[in-house]
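Below is one structure; the comments refer to it alone.
Read-outs: derived from the displayed coordinates by stated rules, not from any lab. Computed from a predicted structure; not experimentally measured. Here the Cβ positions follow ideal geometry from the backbone for every residue, glycine too, while neighbour counts run over all protein chains shown.
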Amino acid sequence: MENKFTKGVLERQEREYNKQSPGQPSVSQNEYISAQASPSVLDLSDLFDREAERKAKNKTFYLDDSVIQAIKKTASDYHVTESKLVNDILKKILFSQN
């Protein structure tokens, strides 16, 4: 039996799948992962802050499986935690537009 979290994720995925218009080209998971994992696409090493301590709060986000796999692989490649990887990328994107 599915718990509420799993059920919610599956329902969201089904809604998103149904929203996709038939004429819209879709990117396969393999194409997406290979584009993200390619070292020539983007060098992320400049994004990471190496500060020892920081304030952090826990927040849950629902991500596609392909995105989660890309995050895990990239975090492993750069020897940082998944949380730090996502946090540093978002900081650079959100705060660089000031």
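Annotations for the structure displayed:
- Region 82-97, residues that are of a type in the set (Asp, Glu) and either within 15 Å of Lys55 (Cα to Cα) or not in a helix (DSSP H, G or I) (or both): Asp88
- Matching residues in region 68-88 - criterion: being surrounded by fewer than 16 Cβ atoms within 10 Å (Cβ to Cβ) and within 8 Å of the chain's Cα centre (by Cα): Ile68
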